[in-house]
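Where a number appears in this text, it was derived from the coordinates with a stated rule and is not lab data. Everything numeric here is computed off the predicted structure, so don't read it as measured data. Quick reminder, even Gly has a Cβ in these numbers, built from the backbone with ideal geometry, and neighbours come from all protein chains shown.
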């Protein structure tokens, strides 16, 4: 028996959740800490047998859960992998997963898999192509997916629009929702020189269904979206600006490398809640 | 450049570290502090790091023995020869034992590491079986219903969660001593292992959720190999006689035999 006992039934996705990583699964199942929801890396829970499927089922019995995947390769020119998509759909139905999010990128082409989030030119061709594939994915799943802006270390001469314009047009054309990663916006600001405030102002807020927060790492001549540090102060500031437009959006803390104790992640989540609350109160004060 | 060409050229730059990047680079522009060369190098480095960390996770003993620097070089060569063809990163590294074998054959100076292929194979099985699909428990009621004249045609099925391996090297002792990082080079250099008098046989399996390994006698191993090769109960009886009954009971009890079919007919389970 993985669980001591079932203590609560999963509810809606709201508040600030945590990206669940394998090092914390045992603690989550045994102690059932007060975390409003969890995001699981779907690709890490697709093992055919053994402990992993059991853990997935146990976690989903306690917590509201969303899936975050990296294998759909939404921008790829390869055919969509319906076998992979079928597995995702089955797991989502089986465990009442609230939604699936993916990335504004491609990860594979010609059958080769990079296992990294590769950028595409922000062109009309890319836009049409990706919108069509997202539509196919959503038709197959029978629900909208969320598409996340990625950390980008490349700029194509052929890009015809900036990323904010591209992702906004994509959301409208594909009729999908968005996951906005604030750290990714800031990393792209530091590396590529984009204007993060302008980026946020351009977003179609009515389609933003989730926000990610994470930390980056300073490397030789650039910053890497390494998810191995606390959320940086400038990212908290940007987050504050974003949630003014999205006071009720679910927020998630991601930490993938040099993972600290779960309690440290919960501190980050609490900070996200406090900042959100401050903005809410500020708005109330201004209204009154 | 059409999107297809962009993606294909980009991928070639990534999976072939020595690929000429000029054509792809001409499609990039300086962005912020990043030159086109730097942009490509960041992605190459990210991917190399991700693949290398998977191989380190799967093959800890091989890495300890070869040392980090040499192992990392092998990882790079492996990535060039065997770029990932599967979305599931857990499947990356499957060909590493074969890659090691060929590499050793080409480099005489590495003959001292001739056991590495067997060690890598063990580490791969240990990794792969952890993620393999579950089997249903053996159904004794179905077995009891097999007609007497069909019994000799029974073909038992080895579980998905079992792999068989043999080696003429003391590979289990080497694995056991090198799975975790050694605390010092001295400790590493002090290792010595006696060659076994005869081939060692073992099976790697998943016991409920835990990985396990068991040494087998030569007869036990041959029976399991014969089962895995699809020999019928009649053929097994002729070959192994009195050793068979207790061996079959033990394998079923351990969950190493998960089901059966009758002759060429489809699985009756």
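Look at the Cα gyration tensor of region B:135-269: its axes a ≥ b ≥ c give a/c of at least 1.5 with a/b over b/c, and that counts as prolate. Using the Cβ-Cβ distance between residue A:27 and residue A:160 with R0 set to 60 Å, the FRET efficiency from 1/(1 + (r/R0)^6) comes to roughly 0.80. As a rough footprinting exposure proxy, the listed residues A:238, B:89 were ranked by other beta carbons within 10 Å of their own, and the order from fewest upward is B:89, A:238. For region A:72-94 versus region A:160-176, the inter-centroid distance based on Cα atoms is 21 Å.
Neighbour counts of other Cβ atoms within 10 Å put A:141, B:236 in the fewest-to-most order A:141, B:236.
Our note on the geometry: Cα centres of region B:3-42 and region B:243-258, 56 Å apart.
Compute the acute angle (0 to 90°) between the alpha-carbon long axis of helix B:96-106 and the principal axis of greatest extent of the alpha-carbon atoms of chain B; round to the nearest 10°. Rounded to the nearest ten degrees, it is 70.
May I ask you to derive the relative contact order of region B:135-269, considering only C-alpha pairs under 8 Å and at least 6 residues apart, and to give it as an integer percent? Reported relative contact order: 41 percent. For region A:90-106, backbone nitrogen atoms closer than 20 Å to the point 7 Å from residue A:248 Cα along Cα-to-C-beta are found at A:98-100. Dividing the summed -39500 (n - 2.57) terms of all DSSP H runs of n ≥ 4 by the residue count of the protein assembly as shown sets its mean residue ellipticity at 222 nm at -14000 deg cm²/dmol. Distance from a point 7 Å along Cα→Cβ of residue B:134 to each backbone N in region A:44-86: keep the residues under 20 Å and list them by number. Of the residues in region A:44-86, A:44-63 have backbone N under 20 Å from the label point off residue B:134. The Cα center of region A:15-31 and the Cα center of region B:104-132 differ in position by 35 Å. Classified by the C-alpha gyration tensor, region A:46-184 has a prolate form. Its axis ratio a/c, with a ≥ b ≥ c, is 1.5 or above, and a/b is larger than b/c. Based on the Cβ-Cβ distance from residue A:82 to residue B:250, what FRET efficiency comes out when R0 is 51 Å, to the nearest 0.05? That gives a FRET efficiency of 0.75. Note on residue B:50/residue B:219: beta-carbon distance plugged into 1/(1 + (r/R0)^6) with R0 of 45 Å gives a FRET efficiency of 0.50.
Its Cα gyration tensor gives the protein assembly as shown an equivalent ellipsoid. The semi-axes, each the square root of 5 times an eigenvalue, are 47, 29, 23 Å from largest down. For chain B, the longest principal axis of the alpha carbon atoms and the long axis of helix B:243-254 meet at an angle near 50°. Eigen-decomposition of the gyration tensor built on the alpha-carbon atoms of chain B gives equivalent ellipsoid semi-axes of 45, 26, 15 angstrom, largest listed first. Beta bridges per DSSP, both residues in the protein assembly as shown: antiparallel share near 50 percent.
Modelled spin-label separation between residue A:136 and residue B:212, with each label point placed 7 Å from Cα along the Cα-to-Cβ direction: 4.6 nm.
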